[in-house]
Amino acid sequence: MNPLLGIVSFIAVLLVALPGPLYKYNIVELGTAFTVLRYGVYVGIAALLLLLIQVLFLRKNIRWAVAGISAVFAIIAVALPLSLMSKAKSVPPIHDISTDLINPPEFVAITALRANAPNKAEYAGEETAQQQRESYPELTTQLYEKSIDVLFSTAQNAVNELGWKLVNADKSQGIIEATDTTEWFGFKDDVVIRIRAVDEASMMDIRSKSRVGKSDLGKNAERIQVFIKHIDTALAR
């Protein structure tokens with residue numbers, strides 16, 4: 001049964017690993033990718049059951065190296081999707097996050113790039129804002145004792161350093177727009193940064209929105225938090 005266990009566990013990990021790249025490179029639709037991912041979990045569970053049977057009833061015939069590698073593959077196939085499901089349950093089912101919920105920064109150049117996206121460029125609305133207030137109360141407008149020029153330059157550098165694709169940088173409007181592409185599935189999330197003068201200081205708002213999906217698994221809020229931390233670190237040097 002060792003060869004069978006190895007084959008089943010390898011198929012399981014492939015079914016979990018491949019849907020992301022297949023969707024990312026437009027080989028399959030998102031619904032198909034998620035279906036394959038789900039079947040990967042089922043096959044992974046089957047592999048773990050086969051392993052349990054071997055341990056309980058066929059211990060003398062076990063090749064422990066093969067069994068160990070198979071177990072790792074099967075656990076990955078089951079644990080990775082389940083961890084994503086757990087993450088989805090722990091965050092609000094929203095995909096549009098902004099540090100200013102009253103007057104969210106608006107996309108300008110990126111609007112055209114989102115023309116065919118399921119999630120339109122317009123802000124998602126008050127229901128989304130209320131869920132954000134409850135889940136991410138720390139995401140608010142950032143105030144810095146720096147000039148607009150310094151903050152704008154720092155923000156633009158941060159976009160580049162974080163590996164986002166710069167789409168628009170208009171200092172006269174105080175707007176920076178960029179797109180961040182996730183590694184596994186290649187989801188494109190768009191970011192707009194708005195910088196304005198406040199007396200001798202400057203304030204910055206950031207908005208991050210997914211092009212597809214009802215829930216972002218907390219990615220947009222995480223992206224904004226990382227960006228703010230990056231700015232704070234750069235300005236503290």
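The values are calculated or read from the model by the stated rules, or taken from the named source; none is laboratory data. Bear in mind the structure is a predicted one, so any value in this text is a computation, not a measurement. Note: ideal-geometry Cβ built from the backbone for every residue, glycine included; neighbour counts use all protein chains shown.
Is it true that some residue in region 175-182 is more than 21 Å from the chain's Cα centre (by Cα) and of a type in the set (G, A, S)? Reasoning before the result, please.
Taking region 175-182 first, the residues more than 21 Å from the chain's Cα centre (by Cα) are 175.
In the following step, the residues that additionally are of a type in the set (G, A, S) were identified as none.
No, every residue in region 175-182 fails to be more than 21 Å from the chain's Cα centre (by Cα) and of a type in the set (G, A, S).
Quick check on region 15-31. Is at least one of its residues under 25 Å from F187 (Cβ atoms), over 20 Å from the mean Cα position of the chain (by Cα), outside the structural domain of F185 (by TED's automatic domain parsing) and not in a helix (DSSP H, G or I)? Among the residues of region 15-31, at least one is under 25 Å from F187 (Cβ atoms), over 20 Å from the mean Cα position of the chain (by Cα), outside the structural domain of F185 (by TED's automatic domain parsing) and not in a helix (DSSP H, G or I), which makes the answer yes.
Within region 213-233, the set of residues being at pLDDT 95 or above and surrounded by fewer than 15 Cβ atoms within 10 Å (Cβ to Cβ) comprises V226, K229, D232, T233.
Flag: S86 does not match the condition of being small (G, A, S) and within 18 Å of S202 (Cβ to Cβ).
Looking only at region 1-33, residues that are in contact with a Phe, Trp or Tyr (Cβ under 9 Å, 6 or more places away or on another chain), farther than 10 Å from A77 by Cβ and surrounded by fewer than 21 Cβ atoms within 10 Å (Cβ to Cβ) come to 8 in all. Out of all the residues in region 202-229, which are in a helix (DSSP H, G or I), within 13 Å of the chain's Cα centre (by Cα) and β-branched (V, I, T)? Matches in region 202-229: I224, V226. Kindly indicate whether L22 is in contact (Cβ under 8 Å) with a residue 24 or more places away in the chain and not acidic (D, E). Answer is no for this residue.
Would you say V167 is out of contact with any helix residue (DSSP H, G or I) (no Cβ under 6 Å at 6 or more places or on another chain), among the aliphatic types (A, V, I, L, M) and over 18 Å from I102 (Cβ atoms)? No.
Scan region 181-199 and give yes if some residue there is assigned to a loop (DSSP other than H, G, I, E, B) and over 28 Å from Y25 (Cβ atoms), otherwise no. Yes, region 181-199 contains at least one residue that is assigned to a loop (DSSP other than H, G, I, E, B) and over 28 Å from Y25 (Cβ atoms). I want to confirm something. Restricting to region 68-85 and keeping residues that are buried (at least 19 other Cβ atoms within 10 Å of the Cβ) and among the aliphatic types (A, V, I, L, M), which single residue is farthest from G6 (Cα to Cα)? That would be V78. Cβ separations smaller than 6 Å between residues 6+ apart or across chains give the following pairs from region 102-118 residues that are within 25 Å of R133 (Cα to Cα) and assigned by TED's automatic domain parsing to the domain that holds K171 to residues that are aromatic (F, W, Y) and surrounded by 16 or more Cβ atoms within 10 Å (Cβ to Cβ): P104/Y123.
Looking at this structure, is A124 assigned to a loop (DSSP other than H, G, I, E, B), out of contact with any Asp or Glu (no Cβ under 6 Å at 6 or more places or on another chain), under 21 Å from K188 (Cα atoms) and of a type in the set (G, A, S)? Walk me through how you get there before you give the answer.
Numbers: assigned to a loop (DSSP other than H, G, I, E, B): yes; out of contact with any Asp or Glu (no Cβ under 6 Å at 6 or more places or on another chain): no; under 21 Å from K188 (Cα atoms): yes; of a type in the set (G, A, S): yes.
Criteria not met by A124.
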